[in-house]
Structure formats: structure tokens, C-alpha cells
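Take a look at the structure set out below.
Derivation of every value follows stated rules applied to the coordinates shown; laboratory data play no part. Predicted model, so just to flag it, every value in this text is computed and none were measured. Methodologically, a virtual Cβ is constructed for each residue, glycine included, from the backbone with ideal geometry; neighbour enumeration extends over all protein chains shown.
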Amino acid sequence: MPPPRSSAWPVAWVWIGLIVYASLHPFGGWHWPHGSDARAWWEMFRLPAPHSSRFDLWGNFLAYLPLGALVAIARLRDGHRRLPAGLHALAVGVLLSLLMEQLQHLLPLRAPSRIDWALNSAGTAVGAGAALLLEALGALRLWQRVREGWLVPHGATGLALLLFWPVGLLFPTPLPFAQGQGLARLADWLEETLAGSAFEGWVRLPSPEGPLPPGLELLAIALGLLAPCLVGFVMTRHVWQRLLLLLGAAAIGPAAATLSTALNFGPEHAATWIGPALRGALVLALLLGCVLALLPRRLTAALGLVALTTLLALVNQIGADPYFAATLRDWEQGRFIRFHGLAQWVGWLWPLAALGFLIARLVEAPTPPQARHGRTRT
């Protein structure tokens with residue numbers, strides 16, 4: 001039987017999709033900016049060097065760093081040598097970035113730049129080099145052994161979900177950790193799509209109307225913080241591992257929310273997201289997490305479906321206050337436009353992906369005893 005493909009491949013493909021969305025957002029106003037003669041075609045292949053802020057420079061470098069590392073790791077786990085794996089990863093990043101910069105010629109709100117291309121390529125090279133260095137030092141083999149001791153065979157998908165959870169928190173949310181506020185927008189899109197057809201009027205979702213009552217606000221924050229634990233609990237082997245995941249979520253979630261606030265309003269306002277309900281929500285999440293950590297995986301998955309469904313129902317009832325709406329405008333029109341799609345879509349879709357993961361765990365056949373300790377590749 002051939003060895004299973006590395007779980008780095010699906011994560012790399014998801015990351016590529018997010019890069020494409022972030023690079024081409026908002027996708028509107030496609031046009032051919034030049035004529036049809038040879039000089040016009042040459043202009044399409046030229047990349048100018050417009051002025052970029054320090055934020056954009058670092059962002060372009062860091063956005064491609066994980067891509068280089070993921071592709072290099074995937075190639076190494078597929079059995080390739082270090083140099084071919086590194087060159088393959090570099091080629092993917094360089095060509096993807098070049099394609100994105102060329103397509104930005106066709107978008108009036110985007111500005112192609114050879115500086116961006118160079119920084120994207122440099123980020124890919126550093127990421128790939130870091131992966132090769134870790135492999136040479138034996139860190140990847142050590143991680144493989146640790147992962148086999150922590151995760152059941154289907155843990156690779158759940159691990160990818162855990163890695164993307166803090167990314168979604170970088171997009172502003174109406175409540176701390178309250179991801180998944182996209183159903184109302186989906187309903188609006190379906191309503192526009194079905195207008196004039198026999199299915200017009202079939203989509204009826206409640207419109208967000210305002211803030212939640214204090215008790216429901218506390219519950220929504222607690223469930224949002226508990227959401228990654230619901231994924232982690234069904235793929236870890238031991239109770240102490242689940243408790244460590246719970247503590248990790250309690251640390252990473254506030255850190256991501258603090259970073260998001262600092263990016264929006266400046267480092268001096270990094271703690272302004274902390275509200276009166278946060279302390280109670282944190283205590284509630286820790287208590288619920290400790291109870292769930294003691295339960296069997298299938299029961300945890302079933303309760304997780306209830307919790308995530310409740311979270312989605314609560315989050316999509318929240319109306320945006322004026323300050324939150326202004327923050328979204330800054331993301332959509334200002335310096336965060338490159339990361340708008342990357343973080344927004346992760347935040348909107350992460351709870352739905354987690355629901356799908358938990359449903360799959362419920363409907364799958366029980367793992368045979370002899371296969372419970374089978375090896376998977378990372």
C-alpha cells in the first residue's frame with residue numbers, strides 16, 4: 001500500500017486559494033487597460049514599482065512564507081530530496097505571485113508591483129529554506145512522532161482546522177471570537193440570484209438587528225472560544241492532551257484578538273476589545289471544556305454540533321454598530337485590502353468547516369483496534 005500523502009498538501013492548497021482571493025479582491029471592474037498592439041501586450045508584462053507602506057512590504061513577505069514551507073514539507077514527505085523539494089516550493093511561490101501581479105493589471109483597484117513579486121518570492125524562499133533546515137535537524141521527524149502520539153488517524157484534517165482558526169480571528173468580529181457571520185450575506189446573495197425565478201422568496205433568514213442580550217453575548221463568546229477545542233477533542237488520544245488544547249485556545253484566541261485590534265487602531269489601543277462579558281465567557285468556556293474533555297470522542301462530536309450550530313445562530317443575529325462598520329470599511333478599502341479575503345473568508349467559513357468535520361466523525365465507521373495506532377504522515 002503506498003504511503004498516504006502529506007497533510008501539508010491540503011493546507012497548502014487552501015493557502016493558495018486564500019492568496020488568490022486576497023490578491024484579486026474585490027474582483028470587480030475587470031477591464032483590458034491597454035490597446036491590442038504589441039506595445040500594449042508588452043505593457044501587460046511590465047511590473048511597475050509603486051510606493052508601498054512598510055505594512056504592505058512585510059505583509060507581502062509574510063503571506064508567502066507559509067506557502068514555501070508547506071510545499072517543501074509536502075514534497076519532502078512524498079519522498080523527494082531536499083534540493084528538488086526546495087526548488088519546487090520556490091517555483092510554486094514565484095510563479096503564483098507573478099500570475100497574481102499580472103492579473104492585477106486587469107483590476108482598477110489593484111496595483112501590480114515588481115516589489116511585491118520580489119517580496120513574495122523572498123518569503124517563499126525563506127519558508128522553503130526553513131522547512132529544509134528543520135528536516136535536516138530532524139525536527140520534522142520529531143514532529144511526526146509527537147503527532148502520532150497525539151492524534152488519531154483522522155487528525156490531519158482537524159489539525160488544518162486548528163491552524164486556520166486564529167487566522168479567521170484577525171478579521172474584525174462583532175463579538176470576541178464570534179466567527180461565522182456570513183449566513184446573512186449568503187442569504188442576500190441567494191435572494192439576488194433567485195430574483196425573478198420560481199424560487200424567489202424561498203430564502204428567509206432573520207436579518208441582524210442589534211446587540212445580543214448580555215446572557216446570550218456571554219454564551220456566544222464562550223462558544224467561539226470553545227470552538228477549536230470541539231475539533232481538537234475528537235482527534236486527540238488522552239484527556240491531558242485535551243486540557244492542553246483548551247489552555248492553548250484560551251491563550252491563542254485573546255492573542256489573535258489583541259493583534260487584530262492593534263492592527264486596526266494602533267498598539268496603544270490593543271486591549272480595547274476586552275469587554276465586561278469576557279471574563280465570565282472565559283470562565284464558562286474553561287468549565288465547559290473541562291467537562292467535554294472527559295467525554296468519549298463521538299459524544300463530544302455530537303455535543304460539538306449543537307454548540308457550533310448555536311454559535312452560528314447567535315452570531316448571525318448580531319447587528320453591526322457604527323464603530324464596527326467603520327472598522328470593516330477600513331479593512332475593505334484601506335491598507336488591509338490585501339488581507340480582506342484571507343481573514344474574512346476563513347472567519348466566515350471556519351465554523352461551517354468545523355461542522356463538516358464533526359459530522360464526518362459521527363458518521364464514520366469505528367476505527368478497528370489494530371488500526372488505532374496506525375501511522376499517518378504530516
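What separates the Cα centres of region 264-297 and region 78-153 is a distance of 33 Å.
Each residue, C290 and H88, gets one label point 7 Å from its Cα in the Cβ direction; the gap between the two is 4.8 nm. The trypsin sites (Lys or Arg not before Pro) of region 72-164 that DSSP puts in a loop, and whose beta carbon has at most 15 other beta carbons within 10 Å, are R81. Maximal additional length on extending the H80-R237 stretch stands at 53.4 nm, based on 0.36 nm per residue less the C-alpha distance. Compared with the alpha-carbon gap, the fully stretched path from A271 to L142 is longer by 42.8 nm at 0.36 nm per residue.
Residue separation of A262 and A313 scaled by 0.36 nm, minus their Cα-Cα distance, works out to 15.5 nm of gained length. In this label model, L194 and W32 are separated by 3.9 nm, measuring between points 7 Å along each Cα→Cβ vector. Spin-label model, I359/A187: points 7 Å from Cα along the beta carbon direction are separated by 1.9 nm. A Förster distance of 22 Å, applied to the separation of the beta-carbon atoms of W58 and A111, puts the FRET efficiency at 0.80.
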